[in-house]
């Protein structure tokens, strides 16, 4: 496309970025999002923790549309965090977008144009611009953002009902396998013993290493350093800077505790007492706030106890998990393998990836089921996670809790997930589905 007329320095940078985006789509591991990535009349807001691949996913969406026949000229992408765009505001960005659209019309390229606006939060007033573009019926809009100025999740909420959220997490098992250059088996019931052994080894490695894209294939020491840096940046920029946190000691203590004790029950009251016992002066309300900040930046995920009573949910402890199982070994100094905690973390993140509403269940007999998952299609699952249920007493304990919980949720699928086939119970009662976690994760959703 030929661009005519004088241009400001900001316009020249944007023109350069667009021209570059029209020549290279990029090479990447495709992400599988088990939900629509676009909804009519809404901007697609790509959200998630830093370094999980939100920008790469935007490039993937462009590539998919290009392969479907949409000309690249109608798929412009701008990275608005470019330091050369300092001083950009919604008026200047809108003027550029209008000018680009006019050029398309003059060239006979037609509509719609799909705008991919990465790190949109740096442009003051961007919300009004995005709403105007959506109202014009001549543009599709995809946005992402993650910074101390506006957290990833807030990009979606700032659009006040005009955003369709798409969450990007660290690599799933399927994505990690494909990123390594291999291919997950298409039919798990037909694989050989050797193929199954290789798949189980790959799954075990993924549970320990995690799924952050940049951490794949790194040696253990370098990976731990990289993941620790991710956590430090999230704490500094997305919590301390964003919310002007003054009790940094309490925040760091909480972060280390939650990441080192994945899948454990967490009580604000109990943790508040523990901090005071360590000589850290902190208000109870501050503990609540710090936990909310860690959730907002996607570093920590929490699960409430299932109850119809809001009060019951509030007075009972939550279960807390990192956003990626690879973070556990970075912060746990006990020397334990923590396979069970990593497995439970991976299952929760997979459920969130599938857009499930997740709680945990405490039965009338005071036994616990790890997850009650409500799917968007109305399906319900009771999921018990156990690294190794081959011991008869362990299997009886896990299955007993599932049976007790099914009294309250009779239509729920009862599922027991283990690390591998060796960990399956020798006997599984009718109505309970027991399988290795990789079979569940690699099966179609």
Scanning region 307-327 residue by residue, those at pLDDT below 95 and touching a helix residue (DSSP H, G or I) at 6+ places or on another chain (Cβ under 7 Å) turn out to be 307
When residue 226 is run through (1) within 16 Å of residue 294 (Cα to Cα); (2) within 20 Å of the chain's Cα centre (by Cα); (3) modelled with pLDDT of 95 or more, the failure sits at (1)
Among residues of region 236-249 being under 20 Å from residue 323 (Cα atoms) and free of Cβ contacts under 8 Å to residues at least 40 places away in the same chain, the residue surrounded by the most Cβ atoms within 10 Å (Cβ to Cβ) is 240
Taking region 290-299 and keeping residues at negative phi and either touching a strand residue (DSSP E or B) at 6+ places or on another chain (Cβ under 6 Å) or at pLDDT below 95 (or both) leaves 292, 293, 294, 295, 296, 297
The residue from 89, 82, 118 that alone is within 30 Å of residue 235 (Cα to Cα) and within 22 Å of the chain's Cα centre (by Cα) is 118
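Condition check ((1) at pLDDT below 90; (2) under 28 Å from residue 296 (Cα atoms)) across all residues:
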{"site": "73", "(1), (2)": "no, no"}
{"site": "76", "(1), (2)": "no, no"}
{"site": "80", "(1), (2)": "no, yes"}
{"site": "106", "(1), (2)": "yes, no"}
{"site": "111", "(1), (2)": "yes, no"}
{"site": "134", "(1), (2)": "no, yes"}
{"site": "140", "(1), (2)": "no, yes"}
{"site": "149", "(1), (2)": "yes, yes"}
Per the filter on region 94-120, residues in a helix (DSSP H, G or I) and either outside the structural domain of residue 45 (by TED's automatic domain parsing) or touching a helix residue (DSSP H, G or I) at 6+ places or on another chain (Cβ under 6 Å) (or both) are 94, 96, 120
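The values are calculated or read from the model by the stated rules, or taken from the named source; none is laboratory data. Note that the structure is predicted; figures quoted are calculated from it, not measured. Neighbour counts run over all protein chains shown; Cβ positions are idealised from the backbone, glycine included.
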